[in-house]
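Colleague: First the structure, which I've put down as structure tokens, then a few questions once you've had a look.
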2 protein chains.
Amino acid sequence: MRDQYYEQLDAIVDDLVSLTGTVRRAVAESTKALLEADGAIAESVIAGDKDIDEATEMIEERALLLLATQQPVATDLRQLVATLRMLSDLQRMGDLSVHVAKVARRRMPDSAVPLNLHPTITRMAAVADSMIDSASRIVANRDVAAAAQLEDEDDEMDRLRRELLRSLLGDDWDHGVEPAVDLALLGRYYERIGDHAVSMARRVVYLVTGQGQLT
Amino acid sequence: MRDQYYEQLDAIVDDLVSLTGTVRRAVAESTKALLEADGAIAESVIAGDKDIDEATEMIEERALLLLATQQPVATDLRQLVATLRMLSDLQRMGDLSVHVAKVARRRMPDSAVPLNLHPTITRMAAVADSMIDSASRIVANRDVAAAAQLEDEDDEMDRLRRELLRSLLGDDWDHGVEPAVDLALLGRYYERIGDHAVSMARRVVYLVTGQGQLT
């Protein structure tokens, strides 16, 4: 009975890790759509969110079924609840990649990002990508040590967002209000993607060590 | 045993409803800080978020304990899982009210909102307030009929956010980039507060009717 439980739990965690890969690709594609002003890629990210939602719901249903049939307690129970929460994180990251793709689509055929800010957005997207990758490995391997590095990357993300806001608000900003509004929102979207990766990692740390916050 | 279970569940739902009231006040206060450029109120919202986080965690711990000790199945299990998710919604709404208060604080002694947009922000805050109130009553009374009205209010919120963005991007916008960036983010924060109220209502609808989305 218990063996069967852990087998099913492992299968759920495997699917969660695989979904993390899907979300990571959606974020990377939405950045590509944004920087290259590529409408086809933007549409594919927007359409693909349905698959992320469906995958999330399927994994959730299996987690709830396992909860109901095996009635785990203590750490096993917390792991299943943490899994449900990580699924919510992934679904929100998928939504945020759609928001990025929609900003890209709204400004077609131009890029919503002025050329001089391509490096900053490229860097934010690279940090987000690395954070999702770290979160995935932390979940897969319960690698608590890697979680500290993720917190550093989160600091880097915050720094980049402040740098971006400073650019928009500086005296030499000459792109007008519309790109400033887009970039303020884009900065927020990437920051939130990073936040959700940090959430995922913290849930694993909490499970393994009992330290830190539950939520 | 079952009676005791429902008693404890009811107590948890009561505390969830009471926390919704706290979050509603935090959102209202953050709007007051924003429109009246009141630093003391902004600080009190920012400091008060700790209490919302602590209340969230205490209710969560009790929900998890009930889950572990009573091992509910079927609808009872789903209700507890839904409760955990509504707690996450409330915690995020609290965070968003802090974001509003921080925008207010950053622009002191001025208001971050130009006078001609006070009516729009006042209206967004009023819709958010009403949405949180509706969500609270839907949770307290399992009032599925009220959920339809909440969806209408969400449409109103989306309309207001579009109107706000149009103002920022219109030819007659003469407040410059900084208030535009603030308002783009504020619009997003109020919209997200509304989204979380809708989430809470949908979770109740799903529990009661089995219709709609799990997440």
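Any read-out appearing in this document is the output of simple, stated calculations on the displayed coordinates, not a laboratory observation. This one's a predicted model, so the numbers in the text were calculated from it and none came from an experiment. Note that each Cβ is placed from the backbone with ideal geometry, even for glycine, and that neighbours are counted across all protein chains shown.
Colleague: Please work out how many pairs of lysine residues in the protein assembly as shown are eight or more positions apart (or on different chains) and have Cα atoms closer than 18 angstrom. Kindly include the intermediate steps, with their values, before the conclusion.
Modeller: Working: A:Lys32/A:Lys102; A:Lys50/A:Lys102; B:Lys32/B:Lys102; B:Lys50/B:Lys102.
Qualifying lysine pairs in the protein assembly as shown: 4.
Colleague: Let me understand the protein assembly as shown better: what is its radius of gyration from the alpha carbons, and its Dmax, in angstrom?
Modeller: Rg then Dmax for the protein assembly as shown, in Å: 21.6, 69.
Colleague: Hey, how much of the P(r) for chain A falls beyond 27 Å, as a percent of Cα pairs?
Modeller: On the way: 8179 of 23005 pairs.
Beyond 27 Å sits 36 percent of the P(r) for chain A.
Colleague: Once R0 is set to 35 Å, what does the formula 1/(1 + (r/R0)^6) return for the Cβ-Cβ distance between B:Arg62 and A:Arg107, expressed as a FRET efficiency to the nearest 0.05? All intermediate terms of the calculation are to be shown ahead of the outcome.
Modeller: Values: r = 48 Å, r/R0 = 1.37.
The computed FRET efficiency comes out at 0.15.
Colleague: A further question follows. What's the local net charge at A:Glu163, with K and R +1, D and E -1, over the other residues with C-beta under 13 Å away?
Modeller: Values: positive: A:Arg123, A:Arg159, A:Arg161, A:Arg162, A:Arg166; negative: A:Asp155, A:Glu156, A:Asp158, A:Glu191.
Taking every other residue near A:Glu163 into account, the sum is +1.
Colleague: Helix A:144-169 against the longest principal axis of chain A: what's the angle in degrees, Cα atoms only, rounded to the nearest 10?
Modeller: 20
Colleague: Next up: Put +1 on the Cβ of each Lys and Arg and -1 on the Cβ of each Asp and Glu in the protein assembly as shown; which of A:Ala140, A:Leu77, A:Ala28 then has its Cα farthest toward the positive end of the dipole?
Modeller: A:Leu77
Colleague: Once you order the gyration tensor axes a ≥ b ≥ c over the Cα atoms, which shape class does region B:166-212 get: rounded for a/c under 1.5, otherwise prolate or oblate by comparing a/b with b/c? All intermediate terms of the calculation are to be shown ahead of the outcome.
Modeller: On the way: a/c = 7.89, a/b = 3.80, b/c = 2.08.
Taking the square roots of the gyration eigenvalues as a ≥ b ≥ c, region B:166-212 is prolate.
Colleague: Now, a different point. In region A:65-79, which residues have a backbone nitrogen under 11 Å from the label point lying 7 Å from A:Arg142's Cα in the Cα-to-Cβ direction?
Modeller: Counting backbone N atoms under 11 Å from the label point, the list is A:75-76, A:79.
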